[in-house]
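Shown next, in structure tokens, is the structure this report addresses.
The values are calculated or read from the model by the stated rules, or taken from the named source; none is laboratory data. Remember, predicted model here, so these are calculated numbers, not experimental data. Methodologically, a virtual Cβ is constructed for each residue, glycine included, from the backbone with ideal geometry; neighbour enumeration extends over all protein chains shown. Ligands, DNA and RNA are stripped out before the accessible areas are found, and what is left, the full protein with its side chains, is counted by its heavy atoms. Shrake-Rupley method; radii C 1.70, N 1.55, O 1.52, S 1.80 Å.
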Amino acid sequence: MPKPKVAFYWCASCGGCEETVVDLAEDILGVVEKVDIVLWPVAMDFKYKDLEAMPDKSIVATLLNGAIRSTEQEEMAHLLRRKSRYVIAYGACAHLGGIAGLANQFPREQILKFNYEDAPSVVNEQKTRPQLSFAHNGHNPTLPALHHVVRALDQVVDVDYYVPGCPPTPKITSAAVTALLENRLPPKGSVIAPDIALCDECPRKASKPTNVSFTHFKRPHQMLMDPEKCFLAQGVVCMGPSTRSGCEAACTCGGMPCTGCFGPTSRVRDQGLKIMSSLCANVAPKEEADINKVLEGIPDPVGTFYRYGLAKSLVRRKVTLPVK
Amino acid sequence: MTRSSPASSGPWTPRIVAFFCNWCTYTAADLAGVSRMKHASNARIIRLMCSGRVDPQFVIDALTKGADGVLIGGCHPNDCHYAEGNYKCLRRFQMLKRMVADLGIEPDRLRLEWISAAEGEKVKRVVNEMTETLTALGPLGIPEKFHEWDREMEHFAQRVAAQEAASGASGCAEHAPQPRTPEPAHA
Ligand code: SF4
Ligand code: SF4
Ligand code: FES
């Protein structure tokens with residue numbers, strides 16, 4: 001029997017998800033033995049035209065990481081969708097928009113201007129910007145255009161499964177790959193991680209207050225945090241209650257609160273609003289001015305509650321931003 | 001439910017989704033006869049057991065589905081049937097206003113009012129005032145924005161259709177080749 005064909009692809013991502021695949025360490029060798037990798041730009045040399053030449057649905061699964069931000073990424077997402085039986089959104093950016101999705105707070109022009117002109121490390125006196133096409137030696141090379149909106153993968157193509165995390169842990173990656181190879185896949189559309197909040201597997205759970213009442217919010221750099229006590233009991237925002245488990249509480253075990261990279265459980269539509277609702281309802285004061293004073297401890301609610309989920313939130317993007 | 005049909009023709013008027021607590025504001029609205037209000041057709045009233053049940057997801061869901069503003073009505077402080085629900089609502093509301101502002105939505109599109117069962121007049125006044133505020137702000141139009149945002153992916157779909165038509169992969173006449181209108185450079 002021929003080995004199943006698998007593709008790895010990256011879009012608007014940082015490279016961390018690729019690292020996780022490599023972090024499977026010896027396990028990756030087992031995977032490589034069992035599959036035929038037909039595309040993996042970070043590690044192997046393939047040409048897009050080889051992919052185009054493949055019959056439709058001939059790839060068993062594509063694991064795609066990164067958000068969709070450019071015309072090229074959009075095009076590759078469509079191409080891989082066409083060639084693959086299963087498309088798997090791998091990592092928080094493909095799943096929810098991720099850190100890249102935070103760009104949905106700013107106009108494209110502001111981002112381009114900063115990166116090509118104003119950033120302190122940039123030397124670009126002519127203010128050159130990448131052009132979509134230009135003439136060179138009788139050729140007309142083209143470059144991808146940057147979209148105005150950052151999108152999660154399922155806002156562009158149909159997605160079969162999601163592997164959450166920023167990045168996904170080796171453990172849930174192997175679980176997903178094994179499920180795939182052994183054909184024990186959950187129902188379409190599933191996030192391949194337990195459908196229960198992170199607190200469930202957090203070692204600090206025992207000290208999680210049942211009746212929390214916040215008199216202040218502190219950010220991790222503003223205090224010495226107790227290494228064992230639930231962060232909420234210390235007045236530190238922890239996204240654990242509205243975040244899916246499966247990471248084995250990597251952050252809270254490592255001394256930092258959860259920032260929500262595994263996304264919401266299936267019962268939550270908007271992860272950021274859900275945690276905001278539960279935290280803010282439990283602020284101690286009852287008068288507007290005093291309430292606001294406590295809430296000032298969260299200076300950037302969008303960046304805090306939608307650290308990874310802005311693109312997939314109900315609003316998706318700052319609504320006043322242009323698309324032209 | 002006390003509601004009137006939306007003004008289907010004529011000039012644009014704002015749509016308000018109103019979440020009213022069963023024990024006070026909803027009763028007030030009922031007694032006052034919301035249907036006889038000047039701006040009755042602008043408010044769609046949804047009855048909940050308590051203002052503490054107003055999940056911020058409901059508020060934002062209403063806005064993203066086409067509401068121009070959201071009004072929340074609950075019992076006065078210390079009068080909540082469930083003791084603390086209205087305080088929870090107030091605290092969430094304070095943060096929600098900051099979040100919507102950061103997302104480009106005018107915080108004045110959201111309003112929270114304590115209205116007891118006896119204050120029918122206040123329901124009328126608040127709905128009227130809010131209708132005026134929203135009329136001045138104009139339509140929020142988030143569904144239209146979603147549509148507009150996703151149009152930036154249209155030219156790609158057209159190009160694929162054109163390629164497929166050219167290569168004979170798709171015989172569909174609707175997929176006739178479309179000229180690709182390249183976006184202006186990143187200038
Ligand atoms: S530290 Fe965070 S994840 Fe752990 S129990 Fe407390 S709220 Fe939940
Ligand atoms: S603790 Fe939270 S932020 Fe950290 S890996 Fe787990 S889900 Fe992600
Ligand atoms: S019962 Fe009316 S606000 Fe709680």
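Return the total of residues in segment B:55-111 being part of a helix (DSSP H, G or I), of a type in the set (D, E, K, R) and within 14 Å of ligand 3 (Cβ to nearest atom). Explain how you work it out, then say what you get.
Step one: filter segment B:55-111 for residues part of a helix (DSSP H, G or I), giving B:56-64, B:85-102, B:107-109.
Keeping just the survivors that are of a type in the set (D, E, K, R) gives B:61, B:88, B:91-92, B:97-98, B:102, B:108-109.
Remaining after also requiring within 14 Å of ligand 3 (Cβ to nearest atom): B:88, B:91-92.
Counting residues in segment B:55-111 that are part of a helix (DSSP H, G or I), of a type in the set (D, E, K, R) and within 14 Å of ligand 3 (Cβ to nearest atom) gives 3.
State the number of residues belonging to segment A:237-267 that are touching an Asp or Glu at 6+ places or on another chain (Cβ under 9 Å) and among the hydrophobic types (A, V, I, L, M, F, W, C).
2
Being away from chain B (no Cβ under 13 Å) and over 24 Å from A:Gly15 (Cα atoms), is that true of even one residue in segment A:101-111?
No, that holds for no residue.
Going through segment A:186-224 one residue at a time, which ones are within 30 Å of A:Val32 (Cα to Cα) and either among the small types (Gly, Ala, Ser) or assigned to a helix (DSSP H, G or I) (or both)?
A:Gly189, A:Ser190, A:Ala193
Does A:Arg244 satisfy the criteria of being charged (D, E, K, R) and either under 20 Å from A:Arg307 (Cα atoms) or open to solvent by 50 Å² or more (accessible area, probe 1.4 Å) (or both)?
Considered against the rule, which asks whether it is charged (D, E, K, R) and either under 20 Å from A:Arg307 (Cα atoms) or open to solvent by 50 Å² or more (accessible area, probe 1.4 Å) (or both), A:Arg244 comes out as yes.
Can you work out which of the residues in segment A:243-258 that are closer than 23 Å to A:Cys280 by Cβ and either at pLDDT below 95 or among the hydrophobic types (A, V, I, L, M, F, W, C) (or both) is nearest to the chain's Cα centre (by Cα)?
That would be A:Cys258.
Suppose we keep only residues that are farther than 22 Å from B:Gly120 by Cβ and β-branched (Val, Ile, Thr) within segment B:12-69. Which one would you say is most open to solvent (accessible area, probe 1.4 Å)?
The residue in question is B:Thr13.
Determine if segment A:87-94 includes at least one residue that is more than 19 Å from the chain's Cα centre (by Cα) and in a helix (DSSP H, G or I).
Within segment A:87-94, not a single residue is more than 19 Å from the chain's Cα centre (by Cα) and in a helix (DSSP H, G or I).
Could you list, in sequence order, the residues of segment A:36-54 that are open to solvent by less than 60 Å² (accessible area, probe 1.4 Å) and assigned to a loop (DSSP other than H, G, I, E, B)?
A:Trp40, A:Pro41, A:Met54
Going by what's in this entry, would A:Gly263 be described as at pLDDT 95 or above, assigned to a loop (DSSP other than H, G, I, E, B) and in contact with a Leu (Cβ under 6 Å, 6 or more places away or on another chain)?
yes
Which of (1) more than 14 Å from chain B (Cβ to nearest Cβ); (2) surrounded by 23 or more Cβ atoms within 10 Å (Cβ to Cβ) is the odd one out, the single condition A:Met225 does not satisfy?
Result: A:Met225 passes all but (2).
What are the residues in segment A:176-197 that are polar (S, T, N, Q) and modelled with pLDDT of 90 or more, if any?
A:Ser190
Are any of the residues in segment A:300-309 within 22 Å of B:Gly52 (Cβ to Cβ) and either within 14 Å of ligand 1 (Cβ to nearest atom) or not in a loop (DSSP other than H, G, I, E, B) (or both)?
Yes: segment A:300-309 contains one or more residues that are within 22 Å of B:Gly52 (Cβ to Cβ) and either within 14 Å of ligand 1 (Cβ to nearest atom) or not in a loop (DSSP other than H, G, I, E, B) (or both).
Name the residue, out of A:Ala281, A:Ala249, that is within 16 Å of ligand 3 (Cβ to nearest atom) and open to solvent by less than 20 Å² (accessible area, probe 1.4 Å).
Among A:Ala281, A:Ala249, only A:Ala281 is within 16 Å of ligand 3 (Cβ to nearest atom) and open to solvent by less than 20 Å² (accessible area, probe 1.4 Å).
Quick one: which residue in A:Val60, A:Val31 is out of contact with any Asp or Glu (no Cβ under 7 Å at 6 or more places or on another chain), part of a helix (DSSP H, G or I) and not polar (S, T, N, Q)?
A:Val31
Specify the residue that is most open to solvent (accessible area, probe 1.4 Å); the eligible residues are those in segment B:100-111 that are facing chain A (nearest Cβ under 10 Å) and in contact (Cβ under 8 Å) with a residue 12 or more places away in the chain.
B:Glu106
Counting only residues that are open to solvent by 60 Å² or more (accessible area, probe 1.4 Å), in a loop (DSSP other than H, G, I, E, B) and touching a Lys or Arg at 6+ places or on another chain (Cβ under 7 Å), how many does segment A:134-185 have?
Count: 1.
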